[in-house]
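The values are calculated or read from the model by the stated rules, or taken from the named source; none is laboratory data. The structure presented is a predicted model; accordingly, all values stated were derived computationally and were not measured. Note: ideal-geometry Cβ built from the backbone for every residue, glycine included; neighbour counts use all protein chains shown. To get the accessible areas, we keep the full protein, side chains included, count just its heavy atoms, and leave off ligands, DNA and RNA. Shrake-Rupley method; radii C 1.70, N 1.55, O 1.52, S 1.80 Å.
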Amino acid sequence: MTIFSRIINGEIPCYKIAEDDRFFAFLDINPVNWGHTLVVPKREEDYIFDLADDELADMMLFAKRVAHAMKKALPCRKIGVTVLGLEVPHAHIHLVPLKSEGDMDFHKKISDPDPEKMKQIANAITAEFE
Ligand code: AMP
């Protein structure tokens, strides 16, 4: 089982944003910027482009709802979208609030993010999720 499946099952804590029957969103534990969020399918699949067409399309539509909530909740110009998947073998989309291009630099992660601030950010995004 992947670490993301264990998060979805509630075995490992996370800063949860939202879920539906097929998708789950939570804060990245080592954010590149405050509010950096991951969107994952509940079904385990390593490589995002191995997802079925409808699952990939619906995952992007779920990510769109999360991104709208992030943009309302956080000071940013846009929400950036990235797929890496080199570390965790469970397909996921990175959503990152952007004021400038440098906010999406995966070499500059916030180390030891303050748990209280993470909780506040997660709650603020959740409150805007529709
Ligand atoms: P990648 O697979 O290259 O897209 O990177 C995996 C991402 O998952 C990284 O940005 C990690 O910081 C993030 N990550 C790994 N473990 C956790 C966790 N337990 N909770 C939240 N995010 C995580």
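For this structure, a couple of remarks:
- Cα gyration tensor category, rounded, prolate or oblate, for region 39-130 with a/c compared to 1.5: prolate
- In the context of the full protein assembly, K117 retains an accessible surface of approximately 80 Å², using a probe radius of 1.4 Å and ignoring ligands and nucleic acids.
- The accessible-area ordering, largest first, of the residues S5, S111, S100 stands as S111, S100, S5, per a 1.4 angstrom probe.
- Just the protein heavy atoms count here, and of the accessible area of the chain at 1.4 Å, carbon and sulfur take up 52 percent.
- The residues of the chain have, on average, 57 Å² of accessible surface per residue, using a 1.4 Å probe with all protein chains present.
- Whole-number percent relative contact order across the chain, with pairs defined as alpha carbons under 8 Å at least 6 apart: 32
- With at most 16 other Cβ atoms within 10 Å, longest stretch of the chain clear of loop chymotrypsin sites (Phe, Trp or Tyr not before Pro) (DSSP): 48-105
- Angle between the chain longest axis and helix 115-128 axis [Cα atoms, degrees, rounded to 10]: 70
- For the set M70, M1, the ranking by accessible area, highest first and with no ligand, DNA or RNA atoms included, is M1, M70 under a 1.4 Å probe.
- Extension gain, D105 back to K72 (0.36 nm per residue minus Cα-Cα distance, nm): 9.7 nm
- Region 1-93: GluC sites (Glu not before Pro) in DSSP coil with no more than 14 other Cβ atoms inside 10 Å: E11, E44, E87
- Simple point charges give the picture: +1 on the Cβ of Lys and Arg, -1 on the Cβ of Asp and Glu, and for region 3-128 a dipole about the Cα centre of about 660 debye.
- Computed from Cα atoms, the angle from the helix 53-73 axis to the main principal axis of the chain rounds to 20 degrees.
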